[in-house]
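What follows is a set of notes on a single structure, which appears directly below.
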Amino acid sequence: MTSARAPWLVLGCFAAASVCARAGDGAPAAVDRGSVQGFADDIATAVQARAAVEGIAGAVRVSVEEVRGLDGARVRAALLPRLKKALDGAITTSTTTGREPLFLTLAISEEQGQLWAVAVLEGPRVTSPTTIVVRRSVDRELEAALGATSRRTVGRLLLERVGPLPPLTTQTPAAPSAASPSSRCPVLDAVLVDLDGDPAHELAVLSVCGVTVYRVAEAGVSVVSGPVALPQRLWPRTTLGWLVLAGSTDAGPILWASTSAGHSHFVDVRGGRVAVAPPDRVPLRGVMGKDGPHALHWRLGSPSLELPLLTPGGVDVLVPGVPSRVRDLVRLPGDAWLFVADDGTLAARDEGGVVSTLSPERCGDRVLAIELDGDADLELITSSASSPGEPDQLVVRRLSPGHESSTVLLKSPLGGGSIAALAAGHADFNARVDVVVIEELAGGDHVVWRLEHAP
Amino acid sequence: MTKGLLVPGRVLVAALVVACGVVPAWARRAPAPGGTAVVSVPPELLEATLEAHSFAPLFVPRGGQLGGDVATPGAPEHTSNVIAELEPVTTAGEVLGTSWRLRAWAPAPDVAHAVTRCLAPHAVPGSKTPRTTFASAVLAAAGVTVEVVGRHEDVVVRFNKPVFVVAELLTACPLRPASGAPTGPYAVQAPGRLAWRSGSYEAPPLLGAIELRGPLTGSERADVVVAHGESSLSAGATLLSPWPDVIALVQEPDTVVSDPLGLADDEGAGLFSFRQGLRADLLAATWGAGRGGPTEALLPPGVAPARPLPPPPASAPSLPLALVPLPRDAPRVTLAVGADDALSDAVAERLAVLLRGRRTLLEVKRGEQGKSGSADVELVRWRPPSRDAAVSLLAFVGARAGLLNEPAVQKATADARLLGADPAQRLGAALALERALLDERLVVPLIVVDRSIVVDPDLRGVILRGDGVPLLDGAWWGGGR
């Protein structure tokens with residue numbers, strides 16, 4: 001295991017200077033062996049196992065025939081030498097050219113967030129080709145070393161894939177296979193909160209399994225605490241959730257979680273405790289008062305929320321000009337309001353009561369209004385209006401000072417999955433605001449992306 | 001605000017009855033209920049579409065568009081509102097995987113009836129031959145026999161060999177009781193009209209009703225149109241299925257030996273020249289709406305990842321295109337072609353041209369697909385019925401008795417990994433089976449072409465099941481209708 005660490009450090013220097021610096025500082029390595037080395041080892045182990053079953057032994061010539069979704073040169077430079085070295089058993093790497101060896105031909109591809117290696121072992125001494133398949137989730141090291149697309153810069157906005165969200169799990173009863181994974185849970189909402197007092201906030205995630213807190217760091221995403229389960233309830237066809245910072249105590253932050261199953265609970269994520277919150281109310285992260293978030297009324301099975309707006313104390317707040325049903329509501333500076341209407345229209349009501357449509361296209365259910373690039377104009381972060389299960393896009397708009405229009409700064413797909421949650425805050429130690437995006441892939445895995453302004 | 005904190009939540013949310021079939025609605029646009037949708041499908045999909053909306057599926061793939069994400073115990077890649085648990089029966093002397101117990105929320109006799117109907121060929125009114133389901137073809141290809149027994153509250157499925165893909169085999173299998181009473185989110189209200197119903201095993205649908213029709217005629221309009229060709233819904237959004245169809249030639253063993261298509265030349269040059277002459281790219285562009293292209297693999301993208309395939313030869317001669325009259329007694333090749341598919345027809349016409357260059361005539365037989373020995377070559381438009389490559393390929397082979405008699409295929413289908421528990425090993429065995437079919441030239445893949453449906457842009461949440469059936473359980477009108 002120790003010997004495998006050197007290539008990881010070398011690769012880290014090659015791949016990402018920041019990771020190398022952290023390792024050199026004595027910070028614990030994210031994994032004991034690098035992902036590239038681990039991938040090569042997995043392939044070698046699978047080849048040896050298959051060769052043993054088929055009764056094949058001898059030297060092989062290893063080649064990478066096809067590369068899809070990755071940088072072929074990097075795959076051959078980073079993976080192939082490790083694989084050749086790892087083949088040390090009944091199957092070994094050929095070092096001669098005179099004899100007729102076996103052939104191990106590989107195709108390496110990235111497909112839907114998974115890295116695949118398909119190897120065909122064949123040769124004059126094999127009656128028919130045998131095929132070995134190995135797959136692995138893509139992480140940052142593999143992205144950097146093998147050239148998977150993970151970062152894209154549009155203007156001065158940087159959108160990067162941080163890494164997979166560790167599975168939100170609840171253990172299921174005994175499964176037939178020991179390798180059976182536990183259940184994963186759809187993400188409903190997320191919020192950045194400070195759990196430990198440092199400048200980098202943690203990511204609290206609401207899913208149907210409860211509330212889990214993660215740390216989003218350079219090396220990836222790791223679980224800090226949870227999940228704190230919510231009481232058992234029947235879910236309607238439309239599963240929705242809202243998670244907002246309700247306040248904080250000496251013990252830590254208190255979150256308000258509300259769902260379309262009828263949950264409305266305060267959650268102490270540090271203590272793992274749950275308390276009943278005002279029923280049938282949905283807290284709004286975009287309308288925060290001194291005492292906590294304001295709330296709208298919940299409607300069973302519908303994504304629409306109903307006015308009147310309520311203060312934490314239960315007092316009605318009049319918001320003239322805003323429709324009686326909205327999907328999200330945000331208070332802008334002054335007496336202006338931003339809302340996603342019931343039909344998905346993104347609109348604003350200015351201080352004079354004039355309502356303006358901000359986008360000719362409909363948008364997703366939630367909107368963030370934050371100052372992302374330091375130019376004093378608010379940026380609006382939404383998803384596109386695609387349906388659940390369709391590839392989604394992250395959309396960043398700049399709101400005009402008078403709140404009467406907006407311009408698109410960024411419209412970018414992520415990994416081909418659905419945007420499950422958006423959260424804004426400080427996910428790292430710099431002073432710039434981060435937007436954390438949780439994408440759900442077709443297979444149910446979640447990937448965390450970070451959007452920030454990079455001047 | 002925090003004084004009222006209660007005891008720690010201890011309830012495992014796996015125990016929540018999280019409706020699989022729910023529409024996960026996230027930061028994006030979430031659904032609202034109400035409305036009616038008109039759906040037009042080809043005749044061959046009418047019954048399957050009706051069945052898919054009237055009867056709850058025993059299993060659906062987990063984590064996809066089809067529904068929730070809480071795995072059914074014992075089926076980590078699947079979820080179900082009907083089956084509470086799938087577990088192997090581990091009695092002494094019994095090989096693990098040969099016997100499975102299904103604990104269901106539905107009555108055991110109904111589940112047993114549905115499982116039997118899906119795992120074994122069953123009689124169809126008005127037809128003399130029993131209908132072969134995809135699961136029964138899979139089991140036939142792997143030489144597996146099945147027995148289904150309803151016991152009190154459980155259903156036990158026994159195989160003669162270990163089978164670890166029970167949930168995959170029962171994916172989309174409708175819970176159709178012997179009485180025929182609906183168990184799904186819709187019930188037939190009038191001929192061609194499905195209405196919302198309560199009491200489904202799935203979460204209530206969002207649409208109030210579905211009007212189901214065959215192919216459109218004249219000025220008829222529909223909100224969802226499933227058709228290979230033109231659609232009357234010109235302004236609709238195109239929805240692609242998760243993986244494309246494959247058009248391939250399946251050769252009889254005798255045809256492989258006689259080789260009328262000239263595929264057996266050294267180093268693959270004959271096959272390469274044949275592909276070059278076919279011009280699959282132009283055929284796909286012209287007859288496949290541009291959504292396709294040539295392929296050398298039988299398992300399409302979306303079902304199997306990139307893998308090494310035999311490399312092309314260094315050089316290959318162009319095929320002669322001699323369009324000269326041939327005598328009536330010239331050698332003939334018979335080709336079985338499925339009906340009502342313009343792309344397949346175009347491929348057949350091109351094959352006729354290529355064969356004429358080899359001084360051979362092509363005789364096309366319609367509606368003879370899948371009948372062993374009825375033609376020298378079969379032109380198939382194949383849609384893998386499952387996202388599982390092994391199950392799909394076994395279904396392909398199992399539906400063609402001629403292939404199962406070939407030694408190379410027999411060797412590959414005897415691999416126990418094909419029905420094993422490890423998905424990667426299953427895929428490895430499937431790719432070995434595919435390679436055997438290709439190396440023996442029993443199957444010659446030609447074209448991959450996307451299957452698409454046209455949907456009214458305001459109708460959201462329509463999905464295509466793996467086998468091409470449109471599902472509107474979670475569909476909703478997003479335009480205020």
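The values are calculated or read from the model by the stated rules, or taken from the named source; none is laboratory data. Predicted, not measured: the structure shown is a model, and the values here were computed from it. Every residue, glycine among them, receives a Cβ derived from its backbone with ideal geometry; neighbour counts consider all protein chains shown.
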Q. So which residues in the stretch B:120-149 are at pLDDT below 90 and under 17 Å from B:Pro174 (Cα atoms), if there are any at all?
A. B:Ala120, B:Pro121, B:His122, B:Ala123, B:Val124, B:Arg131, B:Thr132, B:Thr133, B:Phe134
**Q.** Exclusive hit being at pLDDT 85 or above, touching a strand residue (DSSP E or B) at 6+ places or on another chain (Cβ under 6 Å) and surrounded by fewer than 20 Cβ atoms within 10 Å (Cβ to Cβ), set B:Arg307, B:Arg332, B:Arg279
**A.** B:Arg332
Q. Any idea how many residues of the stretch B:282-291 are surrounded by 22 or more Cβ atoms within 10 Å (Cβ to Cβ) and part of a loop (DSSP other than H, G, I, E, B)?
A. 1
Q: Could you check how many residues of the stretch A:50-89 are exposed (fewer than 14 other Cβ atoms within 10 Å of the Cβ) and within 13 Å of chain B (Cβ to nearest Cβ)?
A: 3
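Condition check ((1) modelled with pLDDT under 55; (2) closer than 30 Å to B:Ala227 by Cβ; (3) facing chain A (nearest Cβ under 8 Å); (4) touching a Phe, Trp or Tyr at 6+ places or on another chain (Cβ under 6 Å)) across all residues:
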| residue | (1), (2), (3), (4) |
| --- | --- |
| B:Arg10 | yes, no, yes, no |
| B:Val17 | yes, no, yes, no |
| B:Arg29 | no, yes, yes, no |
| B:Gly34 | no, yes, no, no |
| B:Ala37 | no, yes, no, no |
| B:Thr49 | no, yes, no, no |
| B:Val60 | no, yes, no, no |
| B:Asn81 | no, no, no, yes |
(Q) Suppose we filter the stretch A:219-236 for residues that are part of a loop (DSSP other than H, G, I, E, B) and at the interface with another protein chain (Cβ under 8 Å from one of its Cβ atoms); how many remain? (A) 8
Q: From (1) within 31 Å of the chain's Cα centre (by Cα); (2) assigned to a loop (DSSP other than H, G, I, E, B), pick out the condition that doesn't hold for B:Val333.
A: (2)
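For (1) away from chain A (no Cβ under 14 Å); (2) charged (D, E, K, R); (3) at positive phi, each residue gets a yes or a no:
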{"site": "B:Ala84", "(1), (2), (3)": "no, no, no"}
{"site": "B:Gly97", "(1), (2), (3)": "no, no, yes"}
{"site": "B:Ala114", "(1), (2), (3)": "yes, no, no"}
{"site": "B:Arg117", "(1), (2), (3)": "yes, yes, no"}
{"site": "B:Ala137", "(1), (2), (3)": "yes, no, no"}
{"site": "B:Gly143", "(1), (2), (3)": "yes, no, yes"}
{"site": "B:Glu153", "(1), (2), (3)": "yes, yes, no"}
{"site": "B:Val165", "(1), (2), (3)": "no, no, no"}
Q) Failed condition for A:Pro199, given (1) at the interface with chain B (Cβ under 10 Å from one of its Cβ atoms); (2) in a loop (DSSP other than H, G, I, E, B); (3) surrounded by fewer than 21 Cβ atoms within 10 Å (Cβ to Cβ), with all others met? A) (1)
Q.
Condition first: more than 21 Å from B:Leu431 (Cβ to Cβ), basic (Lys, Arg) and touching a helix residue (DSSP H, G or I) at 6+ places or on another chain (Cβ under 8 Å). Can you find one or more residues in the stretch B:330-339 that meet it?
A. no
(Q) Could you check the stretch B:455-481 and list, in sequence order, the residues that are farther than 30 Å from B:Leu351 by Cβ and outside any loop (DSSP other than H, G, I, E, B)? (A) B:Val455, B:Leu459, B:Arg460, B:Ile463, B:Pro470, B:Leu471, B:Trp476, B:Trp477
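Rundown of residues vs (1) assigned to a strand (DSSP E or B); (2) within 30 Å of A:Val64 (Cα to Cα), yes/no style:
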site	(1), (2)
B:Gly293	yes, yes
B:Leu299	no, yes
B:Ala322	no, no
B:Arg350	no, no
Q: Return the residue satisfying two criteria in turn: it lies in the stretch A:274-317 and is of a type in the set (A, V, I, L, M, F, W, C) and touching a Gly at 6+ places or on another chain (Cβ under 6 Å), and of such residues it is surrounded by the fewest Cβ atoms within 10 Å (Cβ to Cβ).
A: A:Ala275
Q) Of the residues that make up the stretch A:237-247, is at least one surrounded by fewer than 24 Cβ atoms within 10 Å (Cβ to Cβ), within 10 Å of chain B (Cβ to nearest Cβ), in a strand (DSSP E or B) and of a type in the set (Gly, Ala, Ser)? A) yes
Q. When residues of the stretch B:180-189 are filtered for being out of contact with any helix residue (DSSP H, G or I) (no Cβ under 6 Å at 6 or more places or on another chain) and either modelled with pLDDT of 90 or more or closer than 15 Å to B:Val39 by Cβ (or both), how many remain?
A. 6
Q) Can you tell me which of B:Glu440, B:Glu363, B:Glu406 is within 30 Å of B:Asp329 (Cβ to Cβ), more than 17 Å from the chain's Cα centre (by Cα) and acidic (Asp, Glu)? A) B:Glu363
Q: Looking for whichever is within 14 Å of chain A (Cβ to nearest Cβ) and crowded, with 23+ Cβ neighbours inside 10 Å here; the options are B:Asp388, B:Asp422, B:Asp415. Which one fits?
A: B:Asp388
Q. Which of the residues belonging to the stretch B:143-158 are closer than 23 Å to B:Gly466 by Cβ and either surrounded by fewer than 23 Cβ atoms within 10 Å (Cβ to Cβ) or in the same structural domain as B:Ala399 (by TED's automatic domain parsing) (or both)?
A. B:Val144, B:Val146
Q.
Checking the condition assigned to a strand (DSSP E or B) and under 15 Å from B:His53 (Cβ atoms), which residue from B:Ala181, B:Ala195 passes?
A. B:Ala195
Q. Here are A:Leu380, A:Leu368: which of them is closer than 25 Å to A:Leu240 by Cα, within 18 Å of the chain's Cα centre (by Cα) and either within 14 Å of another protein chain (Cβ to nearest Cβ) or surrounded by fewer than 21 Cβ atoms within 10 Å (Cβ to Cβ) (or both)?
A. A:Leu368
Q | Residue satisfying condition, being more than 21 Å from B:Arg465 (Cα to Cα) and modelled with pLDDT of 85 or more, within set B:Ser258, B:Ser232, B:Ser198 | A | B:Ser258
**Q.** Filter result for B:Leu431 (crowded, with 23+ Cβ neighbours inside 10 Å, closer than 29 Å to A:Val47 by Cα and more than 10 Å from every other protein chain (Cβ to nearest Cβ))
**A.** no
Q.
Given (1) touching a residue at least 24 places away in the same chain (Cβ under 8 Å); (2) under 28 Å from B:Leu261 (Cα atoms); (3) of a type outside the set (A, V, I, L, M), identify the lone condition not met by B:Asp456.
A. (2)
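So that you can scan it fast, the table gives a plain yes or no per residue for (1) hydrophobic (A, V, I, L, M, F, W, C); (2) in the same structural domain as B:Val303 (by TED's automatic domain parsing):
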position: B:Ser386; (1), (2): no, yes
position: B:Ser392; (1), (2): no, yes
position: B:Asn405; (1), (2): no, yes
position: B:Val409; (1), (2): yes, yes
position: B:Ala412; (1), (2): yes, yes
position: B:Ala421; (1), (2): yes, yes
position: B:Leu427; (1), (2): yes, yes
position: B:Asp439; (1), (2): no, yes
position: B:Asp458; (1), (2): no, no
Q. Which pairs do you get when a residue that is under 25 Å from B:Leu86 (Cβ atoms) and in contact (Cβ under 8 Å) with a residue 40 or more places away in the chain, found in the stretch B:170-194, comes within reach of a residue that is among the basic types (Lys, Arg) and not in a loop (DSSP other than H, G, I, E, B), reach meaning Cβ atoms under 9 angstrom, with the pair 6+ apart or on two chains?
A. B:Cys173/B:Arg117; B:Pro174/B:Arg117; B:Arg176/B:Arg117
Q: Determine whether B:Ala172 is on the phi > 0 side of the Ramachandran plot and either assigned by TED's automatic domain parsing to the domain that holds B:Thr145 or surrounded by 17 or more Cβ atoms within 10 Å (Cβ to Cβ) (or both).
A: yes
